[in-house]
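What follows is a single structure, written as structure tokens, with notes after it.
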Amino acid sequence: MARTAEETPGAPHILIVGGGYVGMYTALRLQKKLRKELKRGEVKVTIVDPNSYMTYQPFLPEAAAGNISPRHVVVPLRRVLPKCTVRKARVTELNHDAGWAIVQPLAGPPERISYDYLVMAAGAVPRLLPIPGLAEHGISLKTVGEAIHLRNHVLEQLEIAESTDDVELRRKALTFVFVGGGFAGVEAVAELEDMTRDATKYMRKVTPEDLRFVLVEAADRILPEVGPDMGKWTAEQLRGRGIDVKMKTFLQSAEDEIIELSDGSRFPAGTLVWNAGVKPSPVVRSGDLPVDERGRVKGTEYLTIEGLVRAFTAGDNAAIPDLAQEGQFCPPNAQHAVRQAKLLGDNIVRSLRGKTLKPYAHNNLGAVAGLGLHKGVANPMGFKLKGWPAWFFHRSYHGAMVPTFNRKIRVIADWTLALFLKRETVSLATVEQPRADFILAALDDEKIREAKAKAKENAA
């Protein structure tokens with residue numbers, strides 16, 4: 001049975017809020033460095049997250065496009081962290097001065113957890129702007145659930161167009177708008193355009209020429225992480241595939257699924273994907289932790305929380321000074337999160353043992369982006385790669401970085417099978433309403449009973 005905080009009173013208790021990159025990798029590091037202490041019950045580690053799995057977010061576009069099974073982009077926390085306690089719950093309140101947190105489990109009343117060390121690793125959520133219709137009709141791509149829904153939704157839009165002769169309805173269904181020209185937005189539009197193009201091969205009324213993909217970016221370039229030249233090349237490649245790339249353009253309204261852009265464009269669209277930035281998870285503001293003007297936890301180069309003792313932070317929800325660029329903060333990406341987590345775990349061990357903490361310093365390894373099957377862009381260690389070589393490097397890098405040997409093998413198996421088997425382009429939209437047919441059958445039975453009762457009344 002897994003050891004819980006209550007079973008070993010008096011032992012230092014490390015509470016990790018969040019089971020994403022930072023949370024999981026920190027716990028893995030602690031599990032390795034404190035192996036003997038955890039076994040003897042001399043220290044306790046608890047992870048609290050609304051999900052009992054970690055999502056490898058760089059694979060979400062490929063999961064949405066059907067290149068990887070959605071189950072293979074998540075890592076079950078309890079399996080990889082057997083020495084830690086995993087609580088599927090939400091932290092609703094935090095008091096670090098008093099050393100406790102209130103968590104809301106899936107069922108039952110809230111619970112209070114006492115702790116000695118805190119790791120704030122709640123990550124980030126989509127940053128929505130007050131744009132009419134955005135909250136009602138938009139979707140992001142930060143969770144595996146969103147990837148599954150987006151895939152089913154896009155394929156269902158193709159089915160709508162295939163099943164009707166209504167010109168306006170077809171035009172709306174076959175228009176897909178993606179807002180945000182960073183990694184998430186570019187990879188999402190590229191992968192899903194690739195998938196829909198494949199799907200139209202099996203349709204009679206929908207052709208690739210009927211599809212309309214629009215990428216909207218407020219800045220004057222896309223993919224700033226790979227540099228201006230590579231970003232320009234990527235935009236040209238996307239336009240060559242028929243994707244309308246609009247830069248220096250803003251989404252102004254999405255009311256009634258009518259897209260209005262700052263360049264004067266106005267058109268209906270059945271799909272709106274929002275990937276225009278993130279903000280720290282709301283949980284960081286649910287307690288007494290210091291935050292900056294952007295809502296990020298104020299961190300130090302030692303990955304401690306500014307002004308607090310026995311409190312650590314890293315990742316998307318933290319403002320960590322970038323020692324490689326004076327006056328700048330580390331950007332919110334997976335590369336930094338994984339590296340920070342390992343040092344964070346080491347610094348907690350050093351703190352437990354009364355040793356000096358080490359600062360977080362890094363060398364930028366570059367950036368990679370997939371643009372669909374056999375297409376990509378990358379600049380690893382300053383080398384510029386385009387097309388197939390970049391795509392191969394993208395897969396090699398992320399295949400190596402995805403956590404656990406189990407998941408590496410499953411992902412590689414997905415990719416290998418895709419070399420010999422055609423891509424699946426079936427919409428499973430019914431899984432989002434699994435009781436629909438059951439309810440319909442119940443209503444039908446009720447109608448039959450009412451009809452029989454009415455017939456008896458008329459006979460009488």
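The values are calculated or read from the model by the stated rules, or taken from the named source; none is laboratory data. Model, not experiment: these values are computed from the prediction. Here the Cβ positions follow ideal geometry from the backbone for every residue, glycine too, while neighbour counts run over all protein chains shown.
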Problem set entry | strands (runs of 3 or more DSSP E) within region 18-133 that include 1 or more residues hydroxyl-bearing (Ser, Thr, Tyr) and buried (at least 18 other Cβ atoms within 10 Å of the Cβ) | 44-49, 53-55, 85-95, 117-120
Problem set entry | Selection count where residues are modelled with pLDDT under 95 and buried (at least 22 other Cβ atoms within 10 Å of the Cβ), scope region 254-280 | 3
Exercise. Out of the residues in region 169-185 that are at pLDDT 95 or above and part of a helix (DSSP H, G or I), which is surrounded by the most Cβ atoms within 10 Å (Cβ to Cβ)?
Worked result: ALA173
Exercise. Would you pick out the residues in region 94-128 that are under 24 Å from the mean Cα position of the chain (by Cα), touching a residue at least 60 places away in the same chain (Cβ under 8 Å) and more than 12 Å from VAL45 (Cα to Cα)?
Worked result: MET120, ALA121, ALA122, GLY123, ALA124, VAL125, PRO126, ARG127, LEU128
Problem set entry | Residues located in region 402-417, provided they are hydrophobic (A, V, I, L, M, F, W, C) and without any contact (Cβ under 8 Å) to a residue 60 or more places away in the chain | PHE405, ILE409, ILE412, ALA413, LEU417
For this session: Would you mind telling me which numbered condition in (1) in contact with a Ser or Thr (Cβ under 8 Å, 6 or more places away or on another chain); (2) outside the structural domain of ILE14 (by TED's automatic domain parsing); (3) within 30 Å of VAL91 (Cβ to Cβ) GLN157 fails?
Result: (3)
Seminar exercise, completed: Counting only residues that are hydrophobic (A, V, I, L, M, F, W, C), assigned to a helix (DSSP H, G or I) and either touching a Ser or Thr at 6+ places or on another chain (Cβ under 8 Å) or surrounded by 13 or more Cβ atoms within 10 Å (Cβ to Cβ) (or both), region 386-402 contains a total of 5
Exercise. Has region 59-81 got at least one residue that is more than 30 Å from PHE178 (Cα to Cα), of a type in the set (Lys, Arg) and more than 25 Å from the chain's Cα centre (by Cα)?
Worked result: no
For this session: Among the candidates THR416, THR430, THR425, THR404, single out the residue that is under 18 Å from PRO70 (Cα atoms) and in contact with a Leu (Cβ under 9 Å, 6 or more places away or on another chain).
Result: THR425
Problem set entry | The lone exception for PHE383 - which of (1) surrounded by 10 or more Cβ atoms within 10 Å (Cβ to Cβ); (2) more than 30 Å from TRP233 (Cβ to Cβ); (3) in the same structural domain as ALA161 (by TED's automatic domain parsing); (4) not charged (D, E, K, R) it fails | (2)
Problem set entry | Scan of region 374-410 for residues that are under 21 Å from the mean Cα position of the chain (by Cα) and β-branched (Val, Ile, Thr), ordered by number | VAL377, VAL402, THR404
Problem set entry | Residue among ASN333, ASN347 that is in the same structural domain as GLY20 (by TED's automatic domain parsing) and within 28 Å of VAL154 (Cβ to Cβ) | ASN333
Exercise. For LEU192, all conditions in the list (1) surrounded by fewer than 19 Cβ atoms within 10 Å (Cβ to Cβ); (2) under 30 Å from ASP316 (Cβ atoms) hold save one; what is the number of the exception?
Worked result: (1)
Exercise. Which of the residues spanning region 271-304 are touching a His at 6+ places or on another chain (Cβ under 9 Å) and under 23 Å from PRO130 (Cβ atoms)?
Worked result: THR271, LEU272
